[in-house]
Amino acid sequence: MNDKEYNPPKIWKWDSENGGKFANINRPTAGKRFESILPIGKHPIQLYSMGTPNGAKVTILLEELLEIGIKEAEYDAYLIDIFKGEQFGSGFVDINPNSKIPALVDNSGEVPIKIFESGAILLYLAQKFGKFFPQDKVSQAECTSWLFWQMGSTPYLGGGFGHFYAYAPYKQEYPINRFAMETKRQLDVLDKRLEKTEFISGSEYSIADIAIFPWYGGLAFHGLYNAKEFLDLESYENVIRWGEIINTRPAVIRGKRVNKTWGPETEQLKERHSGADFEQS
């Protein structure tokens, strides 16, 4: 058994054997590990990502922008396979020194604009194109608050609950219970909010919904961590109602496929360079 009490040393030292599923790439250091040159496609917007919940946020927004006819939102999406450690290549680190997907470069101006952190990318694109972000100050504050709620809350869902429930070398009662409790508290926050409003920040669909859905909708509709029954997602009726609306949006269906390399082939699209790619795969 591995349940014996852990007595921390005076100074922590890295043990590459104790990291679970990602032990082969996790290290306590930052920066490039190898030289790499990122590909550059024909569109001004270049996305380097993977179809995880954080990656899906950005591709969903880009597809939503294209859905309403904003041609300037056309983009090239290149796969960064985080399971192979491609996020530590020098080209990617040059965009995001934190080595986390997604990362985006906007080449539409005189000087390339580099953006990392999925929430920052959503806010940048929404403000750039003036869509999926409210125009009045009161609603902007509401939307931004919920966007940052997701950014601050989800590490407890992913790095906390998801890690110990699905990825850790073995299951432990204390961390699973601790982070399951917090995840369910977050679901209750959303459920109570959605009891009052159609969408997260009010009556209109926004980047707040786009940020939150891949994670919490992922639990309910897409088998994230295979924890739907364990967390009793069906009991959060307002979250389910909201998720069902978003899950059927054409742009969401397309966005979830981009840079995804697992699951049924009909749900995968390794790279995306035009709308025709969805029809050909």
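None of the figures in this text is laboratory data; all of them are computed from the coordinates on show. Owing to the predicted nature of the structure, the values given are computational and were not obtained by experimental measurement. Here Cβ is always computed from backbone atoms with ideal geometry, including for glycine, and neighbour counts include all displayed protein chains.
Ranking request for peptides 31-38, 85-92: highest mean number of other beta-carbon atoms within 10 Å first, then the rest in descending order.
The peptides rank, most packed first, as 85-92, 31-38.
Apply the a/c threshold of 1.5 to the C-alpha gyration tensor of the chain and tell me whether it is rounded, prolate or oblate.
oblate
Using mean Cβ contacts within 10 Å as the protection proxy, how do 134-147, 253-266 order, highest first?
253-266, 134-147
Relative contact order of the range 137-247, please, whole-number percent, based on alpha carbon pairs below 8 angstrom and at least 6 residues apart.
Taking the mean separation of contacting Cα pairs over the length of the range 137-247, I get 28 percent.
How many angstrom lie between the C-alpha centres of the range 1-63 and the range 64-134?
17
Based solely on its DSSP helices, what 222 nm [θ] is calculated for the chain when runs of n ≥ 4 H residues each add -39,500 (n - 2.57) and the sum is averaged over all residues, nearest 500 deg cm²/dmol?
On the way: 10 runs with 108 residues, N = 281.
So the helix-based figure for the chain works out to -11500 deg cm²/dmol.
With each label point set 7 Å from Cα along the Cα-Cβ vector, what nm distance links Arg241 and Asp188?
About 2.0 nm separates the two model spin labels.
Output the antiparallel fraction of DSSP beta bridges having both residues in the chain, as a percent to the nearest 5.
Once the DSSP bridges in the chain are tallied, antiparallel ones form about 60 percent.
Pull out the extension gain between Lys137 and Gln268, defined as 0.36 nm times the separation in residues minus the alpha carbon to alpha carbon distance; nm, one decimal.
Taking 0.36 nm per residue and subtracting the Cα distance, the gain is 43.3 nm.
So if each residue of separation counts as 0.36 nm, and I subtract the Cα-Cα distance between Gln280 and Lys13, what length gain in nm does that give? Please list the in-between numbers first.
Numbers: separation 267, 0.36 × 267 = 96.12 nm, distance 4.90 nm.
Contour length minus Cα-Cα distance gives 91.2 nm.
Subtracting the Cα-Cα distance from 0.36 nm times the residue separation, let me have the gained length for Ala23 to Thr197 in nm, one decimal. Let's see the in-between values first.
Working: separation 174, 0.36 × 174 = 62.64 nm, distance 4.17 nm.
Roughly 58.5 nm would be gained on extension.
Applying a 10 Å radius around every beta-carbon, put 229-237, 201-209, 185-193, 109-117 in order of their mean neighbour count, most first. If you can, show how the numbers build up before the last one.
Values: 229-237: 14.3, 201-209: 21.1, 185-193: 16.8, 109-117: 12.7.
The packing order, highest mean first, is 201-209, 185-193, 229-237, 109-117.
When only Cα pairs under 8 Å and 6 or more residues apart are kept, what is the percent relative contact order across the chain?
Contact order relative to length: 22 percent.
Could you work out, for the range 137-247, what percent of all Cα-Cα pairs fall into each 5 Å distance bin, beginning at 0 Å and stopping at the bin that holds the largest distance?
Taking all Cα pairs of the range 137-247, the binned fractions are 2, 12, 24, 25, 18, 10, 6, 2, 1, 0 percent.
Using Cα pairs closer than 8 Å and at least 6 residues apart in sequence, work out the relative contact order for the range 87-140, in percent.
Over the range 87-140, the number comes to 21 percent.
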